[in-house]
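Taking it in order: structure first as structure tokens, then the write-up.
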Amino acid sequence: MKMNTSRVVLLFLLMVPTVVWALDHDNLDPNRPIAIEDAYVVPKGEIGVEGGILFSDRKRGESRLVFQPQLIIGAFNNTQLELSSDVSTDPRSVVGDDKSGNLTVGALYNFNTETLSLPAFAARVQLGFPTGVNAKGVDTAVTGVMTRSFGRWRAHVNVGYTFLGSPQGLERSGTYRVVAAVSYPLGYPTSFRDTIIANVFTRQSDLVGQRNPTGIGIGLRHQVSSRVVADIGIGSELFGPVDRSVFFSTIGLSVGF
Amino acid sequence: MRTQRLLALFGVTILIAGFTGACAQIEQRDKRFYYRALWNFALRENLQALDIEFNGVDFGHSNLYENLLLTGAKDIPAIEDRARKETLRFIDSRPVLNPNEEAIAPNYMKLAWKAQNTFDEAHALHRATYDIYVSDLVDKETAIRKVVAFYRDSQYAITAKRLDHQRLDTFSYSKSFRRKFPLFNATIWAYHYLQVAVYDPLGAAPTLAVKDHVVEPILRSYHGYLDKPPVEWTFMPMTEELSPKFAAEYPEIANIFDNLHMMHDNISDILTTDLLPTWEEKRKEIYRVTQAYYWASADATNPFIVPDGQPHHSGLTPVIEPGAPGEHSGHSGGHQ
């Protein structure tokens, strides 16, 4: 099964060389392609459809494929609304807040644009509804986001906490996560189609008594056309519980219209 | 547990800092998506040769502002030679997508975001009108009225009133950019020539093939100006001079574009002058000029609005650069 999953992923990577969507390659959204977002929302009036596939090769247990569709709407000034889900293979093995098939609604509000003296700040609130496999209770997540640029480099910090509505078994009732990342637009001064992103992350384990999954990731966002951004990324949970992802890769597209 | 508390504290700190910032010196981003319509990107899809040139134009202003800021406008070769040639190289690369201006000018964007957002919205109006002119829409006028209404609904909209550009060119620091950097200034004016010169030929051409044909001489002239910047021009190109039919049909849009181009000149002067030596002083003056003299929200008090029926320029102030050949701006609308 593990070998078959790997083949499927490899085939997908080969067949779709320009696959994950984001509307502007320099505007970072979580999981597109790695776990970081910047403090900026999509422009008011924009609608974005994003989708990607995550392949996770776990140290113990079946490898997983996760489909991550997301709808983003620039609903108000400096505010985006989001609707998303994760659909995973081997759904019964998923623990924590990201149960396969859960429907998540969220809002990201950008407080300010960056100035010479002030970084950009944003806050996100998400509600995860128990529509998925083995899911119970409504999960709530809050995240603080900060973006600061240094020349063309941009540094981002995301700090969040998730409250599980109805933890099961050894699941924690709440977990924190911290991600720090840098992004850089490649190609200046002759090309402006690519942004490279690297992150380090740690998050509290989903089950009591386990170590924090802690790792690194690197990704690339490429502006395919006026409306389409492709992304691809890889990473590893270097430390953590025995079922951590020793290797993960993502590929996806974002389309704005 | 201790780690968890520390991280929670850090997260709360970020949120509080964001909230504090929101209450103190804060600038909202306020990005707005373009007017969504079937003709979006018609220029890119149907008349790529022209679209590519506009993508090149997008690079020029941001690259100039960033370099003026970083050099303090003290290094003439850095602007006239290096930055200008970077811009020309980008144009020569024939970019099929518009560049990410925040990657070109990260410091300028942080200095004067409101002014940049004002430019972005007006540039989107430029793009929308080109798209409509190049699309297969039958009723182009209605589409243009809709995009103008959409534009004017923005708090960042530039006034559609006719402004007295000659008087807007008489601040204590006015003309400092063109005097110090005549080549780059003429290059900027060449962009503005291209941006307004294409309207009448595109409007008159009945088919895409003809549109493609009629912009050729304009592009030749434009590239001639890039190769040999028209330093003899004494004032920026005006829409009424180069696309009189468009200006007559849509006087509000012509005013918005001329005002936009004048605002570019004002900001170039502010970034160049020694009279405003610090970034903070430049920022304050950029915002003062933008908000008091260019934003439509200031129409009731804007002293530079030309009353209806009066000539475009007041004539109260010198129109001609010392040594200029005449009072005409020099860009007759003829193509090389």
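The values are calculated or read from the model by the stated rules, or taken from the named source; none is laboratory data. It should be emphasised that the depicted structure is a prediction, and the values quoted were computed from it without experimental measurement. As a convention, Cβ positions derive from the backbone with ideal geometry for all residues, glycine included, and neighbour counts pool all protein chains shown.
Would you mind listing the helices (runs of 4 or more DSSP H) fully within segment B:66-115 where at least 3 residues are over 30 Å from B:I26 (Cβ atoms)? Spell out the reasoning first.
Details: elements: B:84-92, B:101-104, B:106-111.
Fully inside segment B:66-115 and qualifying: B:84-92.
Taking the stated definitions as given, is A:A120 surrounded by fewer than 16 Cβ atoms within 10 Å (Cβ to Cβ), touching a strand residue (DSSP E or B) at 6+ places or on another chain (Cβ under 8 Å) and under 19 Å from B:A103 (Cα atoms)? Before you say what the answer is, go through the steps one by one.
On the way: surrounded by fewer than 16 Cβ atoms within 10 Å (Cβ to Cβ): no; touching a strand residue (DSSP E or B) at 6+ places or on another chain (Cβ under 8 Å): yes; under 19 Å from B:A103 (Cα atoms): yes.
Considered against the rule, which asks whether it is surrounded by fewer than 16 Cβ atoms within 10 Å (Cβ to Cβ), touching a strand residue (DSSP E or B) at 6+ places or on another chain (Cβ under 8 Å) and under 19 Å from B:A103 (Cα atoms), A:A120 comes out as no.
Test of understanding: among A:I216, A:I234, which residue is modelled with pLDDT of 95 or more, surrounded by fewer than 23 Cβ atoms within 10 Å (Cβ to Cβ), under 15 Å from the mean Cα position of the chain (by Cα) and farther than 18 Å from A:I53 by Cβ? Step through it out loud before you land on a result.
Values: A:I234 fails: farther than 18 Å from A:I53 by Cβ.
Every option except A:I216 fails the conditions.
Could you look through segment A:123-173, keep only residues that are among the aromatic types (F, W, Y) and in contact with a strand residue (DSSP E or B) (Cβ under 6 Å, 6 or more places away or on another chain), and pick out the one that is farthest from B:L70 (Cα to Cα)?
A:F129
Spot the failing condition for B:Q28; the list is (1) over 18 Å from the mean Cα position of the chain (by Cα); (2) at the interface with chain A (Cβ under 10 Å from one of its Cβ atoms); (3) surrounded by 21 or more Cβ atoms within 10 Å (Cβ to Cβ); (4) at pLDDT 95 or above, and only one is missed.
(3)
Out of A:S205, A:S191, A:S225, which single residue is modelled with pLDDT under 95, within 12 Å of another protein chain (Cβ to nearest Cβ), within 18 Å of A:G52 (Cβ to Cβ) and outside any strand (DSSP E or B)? Outline the logic, then answer.
Values: A:S205 fails: within 18 Å of A:G52 (Cβ to Cβ); A:S191 fails: within 18 Å of A:G52 (Cβ to Cβ).
So the residue among A:S205, A:S191, A:S225 that is modelled with pLDDT under 95, within 12 Å of another protein chain (Cβ to nearest Cβ), within 18 Å of A:G52 (Cβ to Cβ) and outside any strand (DSSP E or B) is A:S225.
Here's a check for you: in segment A:114-168, which residue that is more than 8 Å from chain B (Cβ to nearest Cβ), of a type in the set (A, V, I, L, M, F, W, C) and assigned to a strand (DSSP E or B) is farthest from A:L103 (Cα to Cα)?
A:F150
Return the residue satisfying two criteria in turn: it lies in segment A:45-88 and is assigned to a loop (DSSP other than H, G, I, E, B) and touching a Leu at 6+ places or on another chain (Cβ under 7 Å), and of such residues it is modelled with the highest pLDDT.
At the first step, the residues of segment A:45-88 found to be assigned to a loop (DSSP other than H, G, I, E, B) are A:45-46, A:59-63, A:68-69, A:77-78, A:86.
Right, trim to touching a Leu at 6+ places or on another chain (Cβ under 7 Å) and you get A:46, A:68.
Details: A:E46: 95, A:Q68: 92.
Selected residue: A:E46.
Name the single residue, out of those in segment B:92-104 being among the charged types (D, E, K, R) and facing chain A (nearest Cβ under 10 Å), that is surrounded by the fewest Cβ atoms within 10 Å (Cβ to Cβ).
Out of the qualifying residues, it is B:D92.
From the list B:N107, B:N46, B:N40, which one is touching a Phe, Trp or Tyr at 6+ places or on another chain (Cβ under 8 Å), more than 7 Å from chain A (Cβ to nearest Cβ) and in contact (Cβ under 8 Å) with a residue 24 or more places away in the chain? Write out each step before concluding.
Values: B:N107 fails: touching a Phe, Trp or Tyr at 6+ places or on another chain (Cβ under 8 Å); B:N46 fails: touching a Phe, Trp or Tyr at 6+ places or on another chain (Cβ under 8 Å).
Step by step, each of B:N107, B:N46, B:N40 is checked, and only B:N40 is touching a Phe, Trp or Tyr at 6+ places or on another chain (Cβ under 8 Å), more than 7 Å from chain A (Cβ to nearest Cβ) and in contact (Cβ under 8 Å) with a residue 24 or more places away in the chain.
With (1) among the polar types (S, T, N, Q); (2) more than 11 Å from chain A (Cβ to nearest Cβ); (3) without any contact (Cβ under 8 Å) to a residue 24 or more places away in the chain as the list, and B:T118 as the residue in question, which single condition is left unmet?
All conditions are met except number (3).
So is A:Y176 of a type in the set (F, W, Y) and in contact with a helix residue (DSSP H, G or I) (Cβ under 7 Å, 6 or more places away or on another chain) or not? It would help to see each step written out before you state the result.
On the way: of a type in the set (F, W, Y): yes; in contact with a helix residue (DSSP H, G or I) (Cβ under 7 Å, 6 or more places away or on another chain): yes.
Against the criterion (of a type in the set (F, W, Y) and in contact with a helix residue (DSSP H, G or I) (Cβ under 7 Å, 6 or more places away or on another chain)), A:Y176 qualifies.
A:F248 passes all but one of (1) among the aromatic types (F, W, Y); (2) surrounded by fewer than 16 Cβ atoms within 10 Å (Cβ to Cβ); (3) over 18 Å from B:A103 (Cβ atoms); which number fails?
(2)
Restricting the search to segment B:251-286, which residues are surrounded by fewer than 22 Cβ atoms within 10 Å (Cβ to Cβ) and hydroxyl-bearing (S, T, Y)?
Result: B:T273, B:T278.
Could you say whether any residue in segment B:81-91 is within 11 Å of chain A (Cβ to nearest Cβ), more than 13 Å from B:F184 (Cβ to Cβ) and in contact (Cβ under 8 Å) with a residue 40 or more places away in the chain?
So far as segment B:81-91 goes, yes, one or more of its residues are within 11 Å of chain A (Cβ to nearest Cβ), more than 13 Å from B:F184 (Cβ to Cβ) and in contact (Cβ under 8 Å) with a residue 40 or more places away in the chain.
Which of the following residues is over 18 Å from the mean Cα position of the chain (by Cα), within 14 Å of chain A (Cβ to nearest Cβ) and part of a helix (DSSP H, G or I): B:K245, B:K284?
The conditions single out B:K284.
Just give me the residues in segment B:261-281 being within 14 Å of chain A (Cβ to nearest Cβ) and either under 16 Å from B:S62 (Cα atoms) or of a type in the set (A, V, I, L, M, F, W, C) (or both), in sequence order.
To start, the set of residues in segment B:261-281 that are within 14 Å of chain A (Cβ to nearest Cβ) comprises B:278-281.
Passing the criteria: only B:W279.
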